[in-house]
Amino acid sequence: MAHFDDDVIIDHETFGEIEKYANEFIESVEALTTARPTIGCIIPAYNEEESIGSVIESLLAQTRLPDVIHVIVNNTTDKTVEVAAGYAGAHSSVVDGVEQFTEVYVHDIGKNPDKKVGALNYGFTLIEGMDYLLGVDGDTVASEKAVEQLEEEIVSDSRIGGISAIYTIDPDPIQGTIAKFLISGQRAQFAAFNMQNMLRGRNMAVLGGQYSIFATKALRDAMTQNHQTTPWVKDSEVEDSLLSLQIKSAGYLTKISARARADVGGMTTLRGLDAQQVKWNYGAIELMWPGQRGDTKGQPFHPNLRLRWLENASMAVNAVARVMFILLVVAAVSIDAFVFSPVWLVPPVVAAALNVRIAMSMQGRTRRDILFAALIVPAEMYMWVRIGHFLRAWTKFASKKQVDNWAAQAKAERGAGNAYLTPLLITVAVMIALAAVWVQLSIVVQSTVLWVAWPLLGTIAVLQTLGMFGKLVRRHHGYQA
(Lines give C-alpha, C1' and ligand atoms only; values in the text may rest on other atoms or scores of the structure.)
Protein backbone atom coordinates (compact mmCIF):
# COMPACT_ATOMS: atom_id res chain seq x y z
CA MET A 1 0.00 0.00 0.00
CA ALA A 2 1.13 3.60 -0.69
CA HIS A 3 0.68 5.96 2.28
CA PHE A 4 0.33 9.76 1.64
CA ASP A 5 -0.80 10.74 5.15
CA ASP A 6 -2.56 9.28 8.13
CA ASP A 7 -5.99 9.51 6.56
CA VAL A 8 -5.38 8.55 2.87
CA ILE A 9 -4.23 5.12 1.78
CA ILE A 10 -3.87 4.23 -1.92
CA ASP A 11 -3.06 0.79 -3.23
CA HIS A 12 -0.05 0.29 -5.46
CA GLU A 13 -2.12 -0.28 -8.62
CA THR A 14 -3.92 3.04 -8.24
CA PHE A 15 -0.67 4.81 -7.42
CA GLY A 16 0.91 3.36 -10.56
CA GLU A 17 -1.95 4.64 -12.71
CA ILE A 18 -1.61 8.13 -11.21
CA GLU A 19 2.12 8.13 -11.84
CA LYS A 20 1.61 6.95 -15.43
CA TYR A 21 -0.98 9.68 -16.01
CA ALA A 22 1.37 12.29 -14.58
CA ASN A 23 4.22 11.20 -16.86
CA GLU A 24 1.96 11.22 -19.92
CA PHE A 25 0.74 14.70 -19.03
CA ILE A 26 4.29 16.02 -18.70
CA GLU A 27 5.27 14.46 -22.04
CA SER A 28 2.25 16.00 -23.77
CA VAL A 29 3.11 19.43 -22.36
CA GLU A 30 6.71 19.13 -23.51
CA ALA A 31 5.51 18.11 -26.99
CA LEU A 32 3.48 21.30 -27.38
CA THR A 33 4.92 23.72 -29.94
CA THR A 34 6.28 26.85 -28.33
CA ALA A 35 5.72 30.23 -29.92
CA ARG A 36 8.86 31.78 -31.38
CA PRO A 37 9.41 35.30 -32.69
CA THR A 38 8.76 35.93 -36.36
CA ILE A 39 11.49 37.24 -38.63
CA GLY A 40 10.86 38.83 -42.01
CA CYS A 41 13.90 39.20 -44.27
CA ILE A 42 14.14 41.87 -46.95
CA ILE A 43 16.89 42.00 -49.59
CA PRO A 44 17.10 45.24 -51.59
CA ALA A 45 18.81 44.31 -54.86
CA TYR A 46 20.20 46.49 -57.64
CA ASN A 47 22.19 44.79 -60.43
CA GLU A 48 23.12 41.82 -58.25
CA GLU A 49 22.81 38.99 -60.78
CA GLU A 50 26.27 37.64 -59.88
CA SER A 51 25.67 37.47 -56.12
CA ILE A 52 21.91 37.28 -55.43
CA GLY A 53 21.82 33.51 -55.86
CA SER A 54 24.53 32.99 -53.23
CA VAL A 55 22.75 35.39 -50.85
CA ILE A 56 19.42 33.52 -51.07
CA GLU A 57 21.15 30.14 -50.78
CA SER A 58 22.96 31.36 -47.66
CA LEU A 59 19.63 32.34 -46.08
CA LEU A 60 18.04 29.00 -47.00
CA ALA A 61 20.99 27.19 -45.39
CA GLN A 62 20.60 28.99 -42.04
CA THR A 63 20.03 26.95 -38.88
CA ARG A 64 17.18 29.38 -38.20
CA LEU A 65 15.24 30.13 -41.37
CA PRO A 66 13.62 33.56 -41.64
CA ASP A 67 9.84 33.11 -41.72
CA VAL A 68 9.67 34.88 -45.06
CA ILE A 69 12.22 36.29 -47.53
CA HIS A 70 11.36 39.22 -49.80
CA VAL A 71 13.78 40.13 -52.60
CA ILE A 72 13.06 43.74 -53.64
CA VAL A 73 14.63 44.36 -57.05
CA ASN A 74 14.84 48.03 -58.07
CA ASN A 75 16.24 49.97 -61.03
CA THR A 76 18.06 46.88 -62.23
CA THR A 77 19.44 46.54 -65.74
CA ASP A 78 20.78 43.00 -65.47
CA LYS A 79 19.28 39.55 -64.77
CA THR A 80 18.81 39.93 -61.01
CA VAL A 81 15.07 39.23 -61.28
CA GLU A 82 15.54 36.11 -63.38
CA VAL A 83 18.20 34.67 -61.05
CA ALA A 84 16.20 35.44 -57.88
CA ALA A 85 13.00 34.06 -59.42
CA GLY A 86 14.65 30.66 -59.58
CA TYR A 87 14.39 30.51 -55.78
CA ALA A 88 10.83 31.81 -55.45
CA GLY A 89 8.38 29.64 -53.56
CA ALA A 90 8.23 27.54 -50.40
CA HIS A 91 11.34 26.01 -48.84
CA SER A 92 11.92 23.82 -45.81
CA SER A 93 14.83 22.42 -43.83
CA VAL A 94 15.27 20.09 -40.86
CA VAL A 95 17.59 21.23 -38.05
CA ASP A 96 18.06 19.05 -34.96
CA GLY A 97 15.00 17.04 -35.94
CA VAL A 98 12.77 20.11 -36.23
CA GLU A 99 11.34 21.05 -39.62
CA GLN A 100 11.32 24.76 -40.53
CA PHE A 101 9.57 26.51 -43.38
CA THR A 102 10.04 29.77 -45.27
CA GLU A 103 8.86 31.27 -48.53
CA VAL A 104 10.81 33.40 -50.98
CA TYR A 105 9.04 36.20 -52.85
CA VAL A 106 10.63 38.25 -55.62
CA HIS A 107 9.31 41.77 -56.26
CA ASP A 108 10.48 43.80 -59.25
CA ILE A 109 9.41 47.35 -58.38
CA GLY A 110 10.97 48.73 -61.57
CA LYS A 111 12.22 52.29 -61.77
CA ASN A 112 12.42 53.62 -58.24
CA PRO A 113 13.63 57.20 -57.66
CA ASP A 114 14.38 56.47 -53.99
CA LYS A 115 16.72 53.60 -54.93
CA LYS A 116 17.81 51.41 -52.00
CA VAL A 117 15.80 53.45 -49.50
CA GLY A 118 12.66 52.95 -51.58
CA ALA A 119 13.30 49.19 -51.76
CA LEU A 120 13.82 48.98 -48.00
CA ASN A 121 10.62 50.87 -47.23
CA TYR A 122 8.68 48.75 -49.73
CA GLY A 123 9.97 45.66 -47.95
CA PHE A 124 9.04 47.05 -44.55
CA THR A 125 5.38 47.30 -45.57
CA LEU A 126 5.46 43.58 -46.33
CA ILE A 127 6.79 42.42 -42.95
CA GLU A 128 5.86 45.17 -40.47
CA GLY A 129 3.47 42.81 -38.69
CA MET A 130 6.36 40.53 -37.72
CA ASP A 131 8.51 40.81 -34.60
CA TYR A 132 11.83 41.41 -36.33
CA LEU A 133 13.12 42.68 -39.66
CA LEU A 134 16.32 41.18 -41.04
CA GLY A 135 17.93 43.46 -43.62
CA VAL A 136 20.39 41.79 -45.99
CA ASP A 137 22.28 43.40 -48.87
CA GLY A 138 22.22 41.71 -52.26
CA ASP A 139 25.92 40.85 -52.06
CA THR A 140 26.22 39.69 -48.42
CA VAL A 141 26.58 36.05 -47.37
CA ALA A 142 26.50 35.08 -43.68
CA SER A 143 27.70 32.12 -41.62
CA GLU A 144 25.06 29.41 -41.26
CA LYS A 145 24.23 30.30 -37.65
CA ALA A 146 24.06 34.08 -38.17
CA VAL A 147 20.25 34.44 -38.08
CA GLU A 148 19.99 32.11 -35.07
CA GLN A 149 22.67 34.07 -33.21
CA LEU A 150 21.18 37.48 -34.05
CA GLU A 151 17.76 36.28 -32.92
CA GLU A 152 19.10 34.92 -29.61
CA GLU A 153 20.88 38.19 -28.87
CA ILE A 154 18.03 40.55 -29.72
CA VAL A 155 15.39 38.42 -27.93
CA SER A 156 17.56 38.33 -24.79
CA ASP A 157 17.12 42.05 -24.06
CA SER A 158 14.01 44.08 -24.87
CA ARG A 159 16.07 47.27 -24.76
CA ILE A 160 17.90 46.32 -27.97
CA GLY A 161 16.49 47.97 -31.08
CA GLY A 162 18.91 46.47 -33.56
CA ILE A 163 22.03 44.33 -33.89
CA SER A 164 24.57 44.34 -36.70
CA ALA A 165 26.57 41.28 -37.72
CA ILE A 166 30.37 41.33 -37.62
CA TYR A 167 31.44 42.29 -41.15
CA THR A 168 34.43 41.28 -43.20
CA ILE A 169 35.17 40.39 -46.84
CA ASP A 170 35.89 36.94 -48.23
CA PRO A 171 39.36 37.21 -49.85
CA ASP A 172 39.34 33.82 -51.61
CA PRO A 173 37.63 34.75 -54.91
CA ILE A 174 39.61 37.99 -55.37
CA GLN A 175 41.99 38.10 -58.33
CA GLY A 176 44.56 40.72 -59.34
CA THR A 177 47.28 42.54 -57.40
CA ILE A 178 45.42 45.84 -56.93
CA ALA A 179 42.19 44.08 -56.01
CA LYS A 180 43.94 41.89 -53.41
CA PHE A 181 45.66 44.95 -51.96
CA LEU A 182 42.38 46.86 -51.66
CA ILE A 183 40.53 43.89 -50.14
CA SER A 184 43.31 43.41 -47.56
CA GLY A 185 42.99 47.08 -46.65
CA GLN A 186 39.21 46.86 -46.33
CA ARG A 187 39.48 43.70 -44.21
CA ALA A 188 41.88 45.50 -41.86
CA GLN A 189 39.58 48.54 -41.79
CA PHE A 190 36.55 46.38 -40.91
CA ALA A 191 38.52 44.50 -38.24
CA ALA A 192 39.67 47.70 -36.50
CA PHE A 193 36.14 49.12 -36.64
CA ASN A 194 34.58 45.89 -35.32
CA MET A 195 37.02 45.59 -32.42
CA GLN A 196 36.61 49.25 -31.51
CA ASN A 197 32.84 48.79 -31.22
CA MET A 198 33.13 45.51 -29.33
CA LEU A 199 35.38 47.11 -26.73
CA ARG A 200 32.83 49.91 -26.25
CA GLY A 201 30.37 47.51 -24.64
CA ARG A 202 29.38 46.23 -28.10
CA ASN A 203 27.58 49.52 -28.67
CA MET A 204 27.34 50.08 -32.43
CA ALA A 205 27.03 53.55 -33.88
CA VAL A 206 25.85 52.26 -37.28
CA LEU A 207 23.60 49.26 -37.86
CA GLY A 208 24.96 48.54 -41.31
CA GLY A 209 22.35 47.53 -43.85
CA GLN A 210 24.55 44.67 -45.06
CA TYR A 211 23.24 42.22 -42.40
CA SER A 212 21.35 43.63 -39.41
CA ILE A 213 18.27 42.63 -37.45
CA PHE A 214 15.81 45.23 -36.13
CA ALA A 215 12.94 45.03 -33.68
CA THR A 216 9.93 46.25 -35.67
CA LYS A 217 8.64 47.90 -32.49
CA ALA A 218 11.82 49.97 -32.36
CA LEU A 219 11.37 50.94 -36.02
CA ARG A 220 7.77 52.03 -35.38
CA ASP A 221 8.78 54.03 -32.31
CA ALA A 222 11.54 55.77 -34.29
CA MET A 223 9.06 56.58 -37.06
CA THR A 224 6.58 58.04 -34.57
CA GLN A 225 9.18 60.14 -32.80
CA ASN A 226 10.44 61.59 -36.09
CA HIS A 227 7.02 62.04 -37.75
CA GLN A 228 7.92 59.60 -40.54
CA THR A 229 5.70 57.21 -42.44
CA THR A 230 8.65 54.93 -43.24
CA PRO A 231 11.74 53.83 -41.26
CA TRP A 232 14.27 54.93 -43.87
CA VAL A 233 14.33 58.45 -45.36
CA LYS A 234 15.67 59.34 -48.80
CA ASP A 235 17.37 62.64 -47.90
CA SER A 236 20.40 61.05 -46.19
CA GLU A 237 23.45 59.66 -47.98
CA VAL A 238 23.78 57.10 -45.18
CA GLU A 239 20.26 55.86 -44.49
CA ASP A 240 21.48 53.17 -42.10
CA SER A 241 23.45 55.68 -39.97
CA LEU A 242 20.48 58.03 -39.69
CA LEU A 243 18.11 55.20 -38.75
CA SER A 244 20.60 54.01 -36.13
CA LEU A 245 20.64 57.50 -34.59
CA GLN A 246 16.85 57.58 -34.56
CA ILE A 247 16.57 54.15 -32.91
CA LYS A 248 19.04 55.26 -30.24
CA SER A 249 17.14 58.51 -29.69
CA ALA A 250 13.92 56.51 -29.29
CA GLY A 251 15.45 54.88 -26.21
CA TYR A 252 16.80 51.63 -27.67
CA LEU A 253 20.28 50.13 -27.74
CA THR A 254 22.15 49.59 -31.02
CA LYS A 255 24.64 46.73 -30.80
CA ILE A 256 27.18 44.71 -32.76
CA SER A 257 26.82 40.96 -32.47
CA ALA A 258 29.35 38.99 -30.45
CA ARG A 259 29.13 35.97 -32.79
CA ALA A 260 27.10 36.42 -36.00
CA ARG A 261 29.33 37.00 -39.01
CA ALA A 262 28.75 38.06 -42.60
CA ASP A 263 30.92 38.49 -45.69
CA VAL A 264 30.03 41.69 -47.53
CA GLY A 265 30.87 42.69 -51.08
CA GLY A 266 34.21 44.50 -51.25
CA MET A 267 35.45 47.11 -53.69
CA THR A 268 38.16 45.81 -56.00
CA THR A 269 39.04 49.04 -57.83
CA LEU A 270 40.36 52.37 -56.60
CA ARG A 271 37.54 54.11 -58.46
CA GLY A 272 34.80 52.03 -56.80
CA LEU A 273 36.34 52.19 -53.32
CA ASP A 274 36.68 55.96 -53.56
CA ALA A 275 33.02 56.44 -54.51
CA GLN A 276 31.79 54.14 -51.72
CA GLN A 277 33.98 55.65 -48.99
CA VAL A 278 33.30 59.25 -50.06
CA LYS A 279 29.55 58.53 -49.94
CA TRP A 280 29.84 57.06 -46.44
CA ASN A 281 32.08 59.86 -45.16
CA TYR A 282 29.97 62.59 -46.74
CA GLY A 283 26.79 61.20 -45.19
CA ALA A 284 28.44 60.93 -41.79
CA ILE A 285 29.63 64.56 -42.00
CA GLU A 286 26.07 65.66 -42.78
CA LEU A 287 24.86 63.98 -39.61
CA MET A 288 27.74 65.37 -37.53
CA TRP A 289 27.70 68.96 -38.71
CA PRO A 290 25.58 71.49 -36.77
CA GLY A 291 22.63 73.08 -38.52
CA GLN A 292 20.43 71.75 -41.28
CA ARG A 293 21.17 70.99 -44.93
CA GLY A 294 17.97 70.23 -46.81
CA ASP A 295 15.87 67.89 -44.69
CA THR A 296 18.83 66.42 -42.82
CA LYS A 297 19.44 68.01 -39.43
CA GLY A 298 22.93 67.70 -37.97
CA GLN A 299 23.20 66.08 -34.55
CA PRO A 300 26.79 66.86 -33.47
CA PHE A 301 26.25 65.79 -29.85
CA HIS A 302 24.41 62.54 -30.52
CA PRO A 303 26.12 59.70 -28.56
CA ASN A 304 26.29 57.52 -31.68
CA LEU A 305 28.39 60.18 -33.42
CA ARG A 306 31.17 60.47 -30.84
CA LEU A 307 33.15 57.74 -32.56
CA ARG A 308 32.61 59.49 -35.92
CA TRP A 309 34.12 62.71 -34.54
CA LEU A 310 37.11 60.75 -33.23
CA GLU A 311 37.56 59.01 -36.58
CA ASN A 312 37.52 62.29 -38.49
CA ALA A 313 39.89 63.96 -36.02
CA SER A 314 42.24 60.99 -36.31
CA MET A 315 42.18 61.13 -40.11
CA ALA A 316 42.90 64.88 -40.05
CA VAL A 317 45.90 64.35 -37.76
CA ASN A 318 47.14 61.47 -39.93
CA ALA A 319 46.94 63.65 -43.04
CA VAL A 320 48.68 66.63 -41.43
CA ALA A 321 51.47 64.52 -39.90
CA ARG A 322 52.27 62.71 -43.15
CA VAL A 323 52.21 65.80 -45.34
CA MET A 324 54.31 67.75 -42.83
CA PHE A 325 56.90 64.97 -42.64
CA ILE A 326 57.35 64.80 -46.42
CA LEU A 327 57.55 68.57 -46.79
CA LEU A 328 60.02 68.97 -43.92
CA VAL A 329 62.31 66.19 -45.13
CA VAL A 330 62.39 67.64 -48.65
CA ALA A 331 62.92 71.14 -47.28
CA ALA A 332 65.74 70.00 -44.97
CA VAL A 333 67.49 68.12 -47.76
CA SER A 334 67.29 71.18 -50.02
CA ILE A 335 69.44 73.22 -47.62
CA ASP A 336 71.68 70.34 -46.46
CA ALA A 337 70.08 70.39 -43.01
CA PHE A 338 68.74 66.83 -43.00
CA VAL A 339 69.85 64.65 -40.09
CA PHE A 340 68.35 61.18 -39.67
CA SER A 341 67.26 60.16 -36.17
CA PRO A 342 66.41 56.54 -35.22
CA VAL A 343 63.61 57.93 -33.06
CA TRP A 344 61.61 58.47 -36.25
CA LEU A 345 61.30 54.68 -36.56
CA VAL A 346 59.29 54.39 -33.34
CA PRO A 347 55.87 55.58 -34.70
CA PRO A 348 55.84 53.26 -37.75
CA VAL A 349 57.04 50.30 -35.65
CA VAL A 350 54.28 50.87 -33.06
CA ALA A 351 51.75 51.31 -35.89
CA ALA A 352 52.86 48.03 -37.46
CA ALA A 353 52.62 46.24 -34.10
CA LEU A 354 49.08 47.57 -33.63
CA ASN A 355 48.10 46.53 -37.16
CA VAL A 356 49.50 43.04 -36.58
CA ARG A 357 47.57 42.70 -33.34
CA ILE A 358 44.34 43.70 -35.10
CA ALA A 359 45.11 41.22 -37.89
CA MET A 360 45.70 38.47 -35.32
CA SER A 361 42.32 39.24 -33.76
CA MET A 362 40.53 38.50 -37.06
CA GLN A 363 38.60 35.26 -37.29
CA GLY A 364 39.61 33.56 -40.50
CA ARG A 365 42.75 35.67 -40.88
CA THR A 366 45.06 34.82 -43.76
CA ARG A 367 48.79 35.10 -44.28
CA ARG A 368 48.10 38.09 -46.52
CA ASP A 369 46.35 39.87 -43.63
CA ILE A 370 49.41 39.42 -41.41
CA LEU A 371 51.86 40.51 -44.11
CA PHE A 372 49.71 43.52 -45.01
CA ALA A 373 50.02 44.69 -41.39
CA ALA A 374 53.62 43.68 -40.64
CA LEU A 375 55.32 45.00 -43.78
CA ILE A 376 54.29 48.61 -42.96
CA VAL A 377 54.34 49.77 -46.62
CA PRO A 378 50.99 48.19 -47.72
CA ALA A 379 49.14 49.56 -44.68
CA GLU A 380 50.77 52.96 -45.18
CA MET A 381 49.74 53.03 -48.85
CA TYR A 382 46.18 52.15 -47.90
CA MET A 383 46.18 54.94 -45.30
CA TRP A 384 47.04 57.42 -48.06
CA VAL A 385 44.10 56.06 -50.08
CA ARG A 386 41.81 56.61 -47.08
CA ILE A 387 43.16 60.13 -46.57
CA GLY A 388 42.16 60.86 -50.17
CA HIS A 389 38.60 59.68 -49.44
CA PHE A 390 38.52 61.79 -46.28
CA LEU A 391 39.65 64.96 -48.07
CA ARG A 392 37.27 64.44 -50.99
CA ALA A 393 34.29 63.96 -48.67
CA TRP A 394 35.03 67.12 -46.69
CA THR A 395 35.69 69.11 -49.88
CA LYS A 396 32.36 68.02 -51.40
CA PHE A 397 30.58 68.86 -48.17
CA ALA A 398 32.23 72.30 -47.94
CA SER A 399 31.24 73.11 -51.53
CA LYS A 400 27.54 73.08 -50.47
CA LYS A 401 26.58 71.68 -53.86
CA GLN A 402 23.71 69.23 -54.15
CA VAL A 403 25.32 65.91 -55.02
CA ASP A 404 24.00 62.42 -55.71
CA ASN A 405 26.67 60.19 -54.21
CA TRP A 406 24.54 57.10 -54.87
CA ALA A 407 24.68 57.85 -58.60
CA ALA A 408 28.41 58.60 -58.34
CA GLN A 409 29.02 55.21 -56.72
CA ALA A 410 26.98 53.38 -59.36
CA LYS A 411 28.92 55.21 -62.07
CA ALA A 412 32.25 54.32 -60.46
CA GLU A 413 31.31 50.66 -60.12
CA ARG A 414 30.60 50.64 -63.86
CA GLY A 415 34.20 51.80 -64.38
CA ALA A 416 33.41 55.40 -65.32
CA GLY A 417 34.69 58.65 -63.85
CA ASN A 418 38.10 59.80 -62.61
CA ALA A 419 37.17 61.78 -59.52
CA TYR A 420 39.19 59.37 -57.39
CA LEU A 421 42.37 60.90 -58.86
CA THR A 422 41.49 64.39 -57.61
CA PRO A 423 43.29 64.16 -54.21
CA LEU A 424 46.47 62.95 -55.91
CA LEU A 425 46.43 65.73 -58.51
CA ILE A 426 45.71 68.41 -55.89
CA THR A 427 48.48 67.09 -53.63
CA VAL A 428 51.01 67.19 -56.46
CA ALA A 429 49.93 70.72 -57.41
CA VAL A 430 50.21 71.92 -53.79
CA MET A 431 53.65 70.32 -53.42
CA ILE A 432 54.89 72.06 -56.58
CA ALA A 433 53.48 75.41 -55.41
CA LEU A 434 55.08 75.08 -51.99
CA ALA A 435 58.42 74.12 -53.56
CA ALA A 436 58.26 77.22 -55.76
CA VAL A 437 57.62 79.41 -52.70
CA TRP A 438 60.32 77.65 -50.66
CA VAL A 439 63.13 78.37 -53.09
CA GLN A 440 62.26 82.07 -53.00
CA LEU A 441 62.84 82.29 -49.25
CA SER A 442 66.15 83.31 -47.71
CA ILE A 443 68.24 80.72 -45.89
CA VAL A 444 67.47 82.43 -42.57
CA VAL A 445 63.71 82.17 -43.12
CA GLN A 446 64.03 78.57 -44.28
CA SER A 447 66.02 77.65 -41.17
CA THR A 448 63.48 79.38 -38.95
CA VAL A 449 60.60 77.49 -40.56
CA LEU A 450 62.37 74.16 -39.97
CA TRP A 451 63.29 75.15 -36.40
CA VAL A 452 59.60 75.75 -35.58
CA ALA A 453 58.00 72.99 -37.66
CA TRP A 454 60.10 70.00 -36.59
CA PRO A 455 59.23 70.25 -32.86
CA LEU A 456 55.56 70.73 -33.80
CA LEU A 457 55.63 67.57 -35.91
CA GLY A 458 57.47 65.78 -33.11
CA THR A 459 54.72 66.67 -30.63
CA ILE A 460 52.05 65.36 -32.99
CA ALA A 461 54.04 62.15 -33.55
CA VAL A 462 54.48 61.57 -29.80
CA LEU A 463 50.76 61.99 -29.12
CA GLN A 464 49.86 59.70 -32.02
CA THR A 465 52.32 57.06 -30.84
CA LEU A 466 50.97 57.14 -27.29
CA GLY A 467 47.44 56.71 -28.62
CA MET A 468 48.49 53.72 -30.75
CA PHE A 469 50.39 52.17 -27.86
CA GLY A 470 47.31 52.47 -25.66
CA LYS A 471 45.29 50.50 -28.23
CA LEU A 472 48.14 48.01 -28.62
CA VAL A 473 48.18 47.02 -24.94
CA ARG A 474 44.41 47.14 -24.42
CA ARG A 475 42.81 43.79 -23.63
CA HIS A 476 40.46 42.33 -26.26
CA HIS A 477 38.52 40.24 -23.73
CA GLY A 478 38.34 37.28 -26.09
CA TYR A 479 36.56 39.16 -28.89
CA GLN A 480 37.44 38.29 -32.46
CA ALA A 481 37.10 40.85 -35.23
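The values are calculated or read from the model by the stated rules, or taken from the named source; none is laboratory data. A quick note: this is a predicted structure, and the numbers were derived from the prediction, not measured. All Cβ positions, even for glycine, are placed from backbone atoms using ideal geometry, and neighbour counts span all protein chains on display. Quick note on the areas: whole protein, heavy atoms, side chains included, nothing else; ligands and nucleic acids left out. Shrake-Rupley method; radii C 1.70, N 1.55, O 1.52, S 1.80 Å.
Could you tell me how far the Cα centroid of region 217-248 sits from the Cα centroid of region 273-345, in Å?
Using only Cα atoms, the two centres lie 28 Å from each other.
With Cβ to Cβ distances under 15 Å as the rule, what net charge do the other residues near V430 carry (K, R +1; D, E -1)?
+2
In the chain, with Lys and Arg counted as +1 and Asp and Glu as -1 at Cβ, which of these residues, L354, L310, V320, has the Cα nearest the positive end of the dipole, that is, farthest along it?
Ranked along the dipole, the leading option is V320.
Run the numbers for M324 and Q225: contour at 0.36 nm per residue of separation, minus the present Cα-Cα distance, in nm.
Length gained, M324 through Q225: 31.0 nm.
Does anyone have the angle between helix 270-288 and the longest principal axis of the chain? Alpha-carbon axes, 0 to 90°, nearest 10?
Result, in degrees: 80.
Between the helical axis of 306-334 and the dominant principal axis of the chain, each derived from Cα atoms, what acute angle in degrees is found, rounded to the nearest 10?
30
Give me, ordered by chain and number, the residues 5 or more places off K79 or on other chains with an amide H under 5 Å from its own placed amide H.
Here the answer is E49, since their amide H atoms fall under 5 Å of that of K79.
Got a sec to turn the phi values of region 40-56 into Karplus ³J(HN,Hα) couplings, 6.51 cos²θ - 1.76 cosθ + 1.60 with θ = phi - 60°, whole Hz, x for Gly and Pro?
Whole-Hz 3J(HN,Hα) from phi for region 40-56: x, 9, 10, 10, x, 9, 9, 6, 10, 4, 6, 10, 4, x, 5, 5, 5.
I'm checking a number: the convex hull volume of the Cα atoms of region 221-312, normalised per residue, in Å³. What is it?
Normalising the Cα hull of region 221-312 by residue number yields 135 Å³.
Once the other residues with Cβ under 14 Å from the Cβ of V147 are scored (Lys, Arg +1; Asp, Glu -1), what is the net sum?
Around V147, the charge tally is -3.
Quick one: with all protein chains in place, what share of the accessible area of the chain is carbon or sulfur, to the nearest percent (1.4 Å probe)?
About 61 percent, which is the carbon plus sulfur part of the accessible surface.
Which whole-Hz couplings ³J(HN,Hα) result when phi for each residue of region 193-199 is put into the Karplus expression 6.51 cos²θ - 1.76 cosθ + 1.60, θ = phi - 60°, listed in order with x for Gly and Pro?
Those phi angles translate into 5, 4, 5, 4, 6, 4, 7 Hz.
From the backbone phi of region 396-404, what are the Karplus-calculated ³J(HN,Hα) couplings (6.51 cos²θ - 1.76 cosθ + 1.60, θ = phi - 60°) in whole Hz, Gly and Pro given as x?
5, 5, 5, 6, 6, 8, 6, 10, 10
Once each part is reduced to its C-alpha centroid, what is the distance from region 119-137 to region 52-75 in angstrom?
13
What does the charge count around D131 come to, taking other residues whose C-beta lies under 10 Å from its C-beta (Lys +1, Arg +1, Asp -1, Glu -1)?
Charge balance in the 10 Å sphere: 0.
Search the structure for amide H atoms under 5 Å from the amide H of D170, placed 1.01 Å from N in the peptide plane, and list their residues when 5 or more places away or on another chain.
Sorted by chain and number, the residues that satisfy this are V264.
Determine the shape class of region 304-473: with a ≥ b ≥ c the square roots of the Cα gyration tensor eigenvalues, call it rounded for a/c under 1.5, and otherwise prolate if a/b is greater than b/c, oblate otherwise.
oblate
Suppose every Lys and Arg Cβ carries +1 and every Asp and Glu Cβ carries -1, with no other charges. What dipole size does region 304-473 come out with about its Cα centre, to the nearest 20 debye?
That gives region 304-473 a dipole magnitude of about 660 debye.
So how many Å³ per residue does the convex hull of the Cα atoms of the chain work out to?
208
Assign unit charges at the C-beta atoms only (+1 for Lys and Arg, -1 for Asp and Glu), then state the dipole size of the chain relative to its Cα centre in Debye, rounded to the nearest 20.
So the dipole magnitude of the chain works out to roughly 3800 debye.
Counting only heavy atoms of protein chains, what accessible area per residue, in Å², does region 434-481 have with a probe of 1.4 Å?
With the other protein chains kept in place, region 434-481 gives 71 Å² per residue.
Return one whole number: the accessible area per residue of region 243-335 in Å², for a 1.4 Å probe.
Solvent-accessible surface per residue comes out at 40 Å².
Quick check on my link table: of K255/K279; K396/K471; K111/K217; K180/K411, which ones sit more than 27 Å apart, alpha carbon to alpha carbon?
The answer is K396/K471; K111/K217.
Given the C-alpha centroids of region 77-108 and region 439-475, what is the distance between them in whole angstrom?
Using only Cα atoms to place each centre, the spacing works out to 58 Å.
Pick out, in residue order, every one of the trypsin sites (Lys or Arg not before Pro) in region 392-452 that is DSSP loop and has at most 14 other C-beta atoms within 10 Å; say none if there are none.
K400, K401, R414
In deg cm²/dmol and to the nearest 500, what is the mean residue ellipticity at 222 nm of the chain if only DSSP H runs of at least 4 residues count, each as -39500 (n - 2.57), divided by the residue total?
Theoretical 222 nm ellipticity from helices: -17500 deg cm²/dmol.
Against the longest principal axis of the chain, how steep is helix 346-360, in degrees 0 to 90 to the nearest 10, with axes from Cα atoms?
Once rounded, one gets 20 degrees.
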